1. Among the candidates 138, 165, which residue alone is surrounded by 14 or more Cβ atoms within 10 Å (Cβ to Cβ), at pLDDT below 95 and either under 19 Å from the mean Cα position of the chain (by Cα) or not hydrophobic (A, V, I, L, M, F, W, C) (or both)?
2. Can you list the strands (runs of 3 or more DSSP E) found entirely within region 159-208 that contain at least 2 residues being of a type in the set (D, E, K, R) and touching a residue at least 12 places away in the same chain (Cβ under 8 Å)?
3. Take the residues of region 193-204 that are at pLDDT 95 or above and surrounded by fewer than 18 Cβ atoms within 10 Å (Cβ to Cβ): which is nearest to residue 45 (Cα to Cα)?
Amino acid sequence: MKAALLLLALVTPAHAGHSCAETSEVLGHRRCTSFGAWGGLARFPSLTFDTELFHEDFASPPVGAMTAVNPGVFATTGTTMPDSSAWGMRFRVGAPLLLRPLYLAFELDIGGLSSINPSYALLSQAVAAVGAHAHVTQTIMLSAELAGGGRMYSWMTGAEETDGQGVLEARGRIDWWATPHLTFGVSLGTSLIDAGDQTFTVGFAGHLRAFDATFY
């Protein structure tokens, strides 16, 4: 009997200390989150979705078509040559590899080249990037990447002209964890094919798993 009374005394305060906020208009009806409900998020894969603004500077005109497409439209000299730069949006999906801290990401770039004469000068690019990252603080993460793929250019000069080339870049990036599921970051890249080609990006990313399910 004494053992039962002692057990009741220990259980009663713990139960009395439990509370749940009233959220229903019905008197006495409470809606409480079940213990461990947050664990359901662990069923999601560790995917990252980036949206970035990119700017690329080319050391030389990016397409051979600029030198001899249509006389009077593109020229090797003079002021009719399009500017050697591009702006656009980068959409990226990434996921960690089994051998952490390595990760794999796929990117799609859509943008335009600054130009004078052509009606438009579009750039599209698709690459895959392999990288490794490390946390230097609880909220700052540094990464190094190697990215490879291809890009295509399109112009309208009475008839549509297209050209393309391979892409191979070395990159460095820094990301700040604003919340466990949101980061803001910038990156710098340099081409390993055309010396002098430089890429800069700035943007934000959403993460399905808090801190990509990785803790340092």
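The values are calculated or read from the model by the stated rules, or taken from the named source; none is laboratory data. No experiment lies behind these values; they were computed from the predicted model shown. Counting neighbours? That spans all protein chains shown, and the Cβs are built from the backbone with ideal geometry, glycine included.
1. None of the other options fit; the residue is 165.
2. Once the strands (runs of 3 or more DSSP E) in region 159-208 are filtered for at least 2 residues that are of a type in the set (D, E, K, R) and touching a residue at least 12 places away in the same chain (Cβ under 8 Å), what remains is 160-179.
3. Among those residues, the one meeting the criterion is 204.
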